[in-house]
Amino acid sequence: MVDSRNTYGERVSRLVSWGHWFSFCNIIIAMLIGSRFITQSPWPDTLLGQAYLIISWFGHFAFLVFGLYILVLFPLTFVIPSRKLLRLISVLFATICLTVLLLDTQAYQKLHLHLNPAVWELLLSKDNTAFNAQWQYLFSAVPILFLIQIVISEWVWKKQRTLSRKKIGKPVTILFFLCFLSSHLIYIWADAFFYHPITSQRANFPLSYPMTAKSFMEKHGLLDKEEYLQRLEQRGSDNEVVNYPLEPIKFNGPGKNYNVLIVMVDNLRSDMLAKEIMPATFDFAKNNQNFINHFSASNNDYGVFSLFYGLPSSYASSIKAQDTKPLFLTTLSKRHYQMAAFSDNALEKPELYDQIFRQLEIKRDNKPDSDAKNNVVNDWKYWLESNSNSPWFSYIELSDVENFEDNTGYTKPFPSNSKKALTLLKNRYQSAVSSADQSVDEILTAIKTKELLDNTIVIITSDHGMEFNDSNNNTWGSDSNFSRYQLQVPMVIHWPGKAPTVYTKKTSHLDLSATLMQDVLETSSNPYDFGSGKNLFTQSDRPWILAGDNNNIALITNKNTTVVDQFGNYKVYTPDYQRDKKAKPKLSVMLQGLSELKRFYRQND
């Protein structure tokens with residue numbers, strides 16, 4: 001019912017004034033709830049970083065609440081002049097917004113993520129999990145928030161004239177505005193000059209999009225572009241701090257002093273390990289440990305990163321920025337292993353291999369040769385001659401398969417409209433695989449000739465697979481989807497004293513580091529503390545496999561593959577990688593996968 005005692009203008013004026021004070025009270029409540037984001041984020045190391053955190057806390061929540069008022073409630077003031085109806089709508093709207101904010105703090109605490117489609121699926125799931133129970137517990141706060149809003153609404157309405165006479169509204173508004181403006185100006189400076197204590201806070205609060213103005217600063221002579229690009233190249237992108245390992249590593253003994261050889265055949269998909277195509281490697285697999293359901297942790301070159309670190313590839317940029325070495329290689333170095341890396345393409349991925357090998361002073365093969373394949377094997381054999389009397393580790397990368405398209409007359413992207421072209425591509429690919437098998441045979445022969453099999457662990461695998469539109473989605477090569485054609489790779493291991501075994505359980509590149517740390521270096525620490533994998537030789541199967549790249553993660557189960565992008569949007573695929581729009585992801589798996597991507601980032605000091 002519309003009030004009849006006042007004119008329309010007077011009613012609107014009083015409701016606008018009430019709305020301002022109602023928003024102010026909710027800014028205070030939002031800040032109190034939002035303080036949970038501060039407690040769940042690393043405390044900045046510098047005074048400026050700490051000052052920015054407080055200023056942005058004030059400015060961001062003031063802007064967020066007042067912005068919602070201006071966009072939603074303020075227009076309704078002119079449409080619904082009835083104070084009771086407008087106040088009821090305002091109370092309901094504020095209760096909903098604060099409930100969503102409270103849920104967002106829970107998501108940030110548990111997953112270090114803000115609410116997105118994937119997190120909402122977890123929230124709305126009917127699965128009976130401890131995580132869901134915690135979510136549901138938060139909904140019990142809704143009646144409390146609703147009552148608080150009713151009390152605030154009534155109190156502000158009654159005290160409106162008293163509050164106006166105190167004249168505190170204008171100073172507080174100016175304070176909030178200055179905090180909001182200064183937080184963005186400070187971030188503009190921090191972003192241009194790589195001030196990590198501030199830039200690392202860019203995602204602390206929900207709906208936070210700090211301003212950047214590098215082009216504006218360059219235009220007005222405030223930023224030297226060349227100097228900025230040099231710093232960018234030296235420093236890399238801004239990254240969160242990774243705790244790797246989570247706890248100091250402990251050991252039961254000095255280790256078994258096994259030699260370790262990793263032969264990496266780039267771009268080798270698992271179904272190529274057949275007698276007709278790779279006879280030498282096939283026979284070797286038949287007489288050793290053959291993991292026939294093994295997956296790389298990435299569909300691109302960063303499968304190598306996960307192999308050495310035991311971490312998802314999403315950690316790679318932070319690991320590089322910290323210059324953190326692989327725990328397995330660091331331990332080998334401390335135990336005085338002789339170590340070398342060889343490649344027939346001179347390890348031409350510096351952004352990846354530098355962080356793995358450079359700091360350990362592992363030898364690289366950089367000799368140009370028309371027959372690079374023979375060159376790398378011969379160099380390795382020469383190195384082996386001078387190091388076979390002490391424990392050693394060597395990594396040999398064979399790029400025959402990776403470079404197979406150079407001999408087809410086609411370049412990426414591969415042609416998809418010609419059966420002849422497809423046949424030529426597959427034939428060339430198999431030919432390159434056979435060529436790589438010859439190199440593997442030569443390496444294995446050298447090991448056998450020197451009678452090193454009894455004390456050498458030999459690992460033959462690949463960084464990722466290769467697809468020829470096998471999933472009928474017009475996807476070719478690698479780094480284009482998360483089908484088994486791009487992820488499933490061979491994993492053959494010769495382990496002294498172990499009988500030949502075929503493992504059908506799902507395994508991952510993430511597991512190798514844990515296996516070597518436990519069974520070679522004799523760590524007593526839980527693999528959970530230094531990686532995302534578990535021992536390859538445990539009997540239990542993995543219910544899901546984690547893979548991904550910089551922008552997406554893939555959670556692979558026997559029933560489907562769920563791909564989640566950086567914005568939390570998800571898609572579900574069948575085992576043959578066909579989109580299933582009706583399917584929902586298994587939420588317990590999604591929760592574990594999302595948690596694994598954040599587990600090693602520093603949460604609190």
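The values are calculated or read from the model by the stated rules, or taken from the named source; none is laboratory data. As the structure is a prediction and not an experimental result, all values here were calculated from the model. FYI the Cβ positions are ideal-geometry reconstructions off the backbone, even for glycines, and counts take in every protein chain you see. The protein model used for the area step is the full one, side chains on, heavy atoms only, and it has no ligands, DNA or RNA in it. Shrake-Rupley method; radii C 1.70, N 1.55, O 1.52, S 1.80 Å.
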Q) the chain: longest stretch without exposed GluC sites (Glu not before Pro) (DSSP loop, at most 15 other Cβ within 10 Å), sites themselves excluded? A) 1-275
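Counting DSSP beta bridges in the chain, what percent are antiparallel, to the nearest 5?
50
For Phe282, Phe291, write out the residues from largest to smallest accessible area, computed with a 1.4 angstrom probe and no ligands counted.
On the way: Phe282 65, Phe291 0 Å².
The ranking, largest first, comes out as Phe282, Phe291.
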Q.
Output wanted: per-residue J couplings in Hz (rounded whole) for the range 242-251, from phi through Karplus 6.51 cos²θ - 1.76 cosθ + 1.60, θ = phi - 60°, x for Gly and Pro.
A. 9, 8, 9, x, 5, 10, x, 7, 10, 10
(Q) From Cα pairs below 8 angstrom and at least 6 apart in sequence, can you work out the relative contact order of the chain, rounded to a whole percent? (A) 20
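Pairs of Cα atoms under 8 Å, at least six residues apart: use those to get the relative contact order of the range 526-570, whole percent. Provide the component values of the computation, followed by the final result.
Details: 43 pairs, mean separation 9.6, N = 45.
About 21 percent, as a whole number.
Per residue of the chain, what 222 nm ellipticity follows from adding -39500 (n - 2.57) for every DSSP H run with n ≥ 4, rounded to the nearest 500?
Values: 22 runs with 286 residues, N = 605.
After summing the helix terms and dividing by the residues of the chain, the value is -15000 deg cm²/dmol.
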Q: Report the extension gain between Leu47 and Thr173 in nm, rounded to one decimal, defined as 0.36 nm multiplied by the number of residues separating them, less their alpha carbon distance.
A: 42.8 nm
Q: Kindly express, to the nearest 10 degrees and within the range 0 to 90, the angle between helix 587-596's C-alpha long axis and the longest C-alpha principal axis of the chain.
A: 80
Q. In nm, to one decimal, how far is the modelled label at Ser35 from the one at Asn375, with both set 7 Å along Cα→Cβ?
A. 6.5
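Write down Rg/Rh for the range 9-86, rounded to two decimals, with Rg from the C-alpha atoms and Rh from the Kirkwood relation over Cα pairs. Could the numbers behind the result be given before it?
On the way: Rg = 16.5 Å, Rh = 14.2 Å.
Result for the range 9-86 is an Rg/Rh of 1.16.
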(Q) Give me, ordered by chain and number, the residues 5 or more places off His464 or on other chains with an amide H under 5 Å from its own placed amide H. (A) Asn267, Leu268
Q. Which angle between 0 and 90 degrees, to the nearest 10, do you get for helix 225-235 versus the longest principal axis of the chain when only C-alpha atoms count?
A. 60
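Provide the per residue accessible area, probe 1.4 Å, for the chain, rounded to a whole number of square angstrom.
Ligands and nucleic acids excluded, the figure is 47 Å² per residue.
How long are the semi-axes of the equivalent ellipsoid of the range 541-605, taking √(5λ) for every eigenvalue λ of the Cα gyration tensor, in whole Å from largest down?
On the way: eigenvalues 101, 34, 20 Å².
Over the Cα atoms of the range 541-605, the ellipsoid semi-axes are 22, 13, 10 Å.
Any of Lys320/Lys426; Lys286/Lys325; Lys448/Lys505; Lys419/Lys448; Lys275/Lys420; Lys320/Lys581 with alpha carbons more than 31 Å apart? Name them for me.
Checking Cα-Cα distances, Lys320/Lys426; Lys286/Lys325; Lys419/Lys448; Lys320/Lys581 exceed 31 Å.
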**Q.** Translational D in µm²/s for the range 455-605 (Stokes-Einstein at 4 °C, 1.567 mPa s, Kirkwood Rh from C-alpha pairs)
**A.** 76
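Counting Lys and Arg as +1 and Asp and Glu as -1, each charge on the Cβ, what is the dipole of the chain about the Cα centre in debye, to the nearest 20? Write down the numbers at each step before the final one.
Details: 61 positive and 57 negative charges, 750 e Å.
For the chain, the charge dipole is close to 3600 debye.
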**Q.** Between helix 372-387 and the chain: long-axis angle, C-alpha atoms, 0 to 90°, nearest 10
**A.** 80
Q) So, how do all the Cα-to-Cα distances of the chain break down into 20 Å bins, in percent, from 0 on up? A) 17, 42, 28, 11, 2, 0
**Q.** For Asn299, distant residues with modelled amide H under 5 Å away
**A.** Gly548
Q) Looking at Pro312, Ala583, Val433, which one has the Cα that reaches farthest to the positive end of the dipole of the chain (charges on Cβ: Lys, Arg +1; Asp, Glu -1)? A) Ala583
(Q) For the range 408-538, take N as its residue count and report Rg(C-alpha) divided by 2.2 N^0.38 Å. (A) 1.33
(Q) I'd like to know which of Leu88, Trp495, Gly9 lies farthest towards the positive end of the charge dipole of the chain, counting +1 on Cβ of Lys and Arg and -1 on Cβ of Asp and Glu. (A) Gly9
Q.
Return the equivalent ellipsoid semi-axes of the range 36-192 as a descending list in whole Å, where each equals the square root of 5 times an eigenvalue of the C-alpha gyration tensor.
A. 29, 27, 14
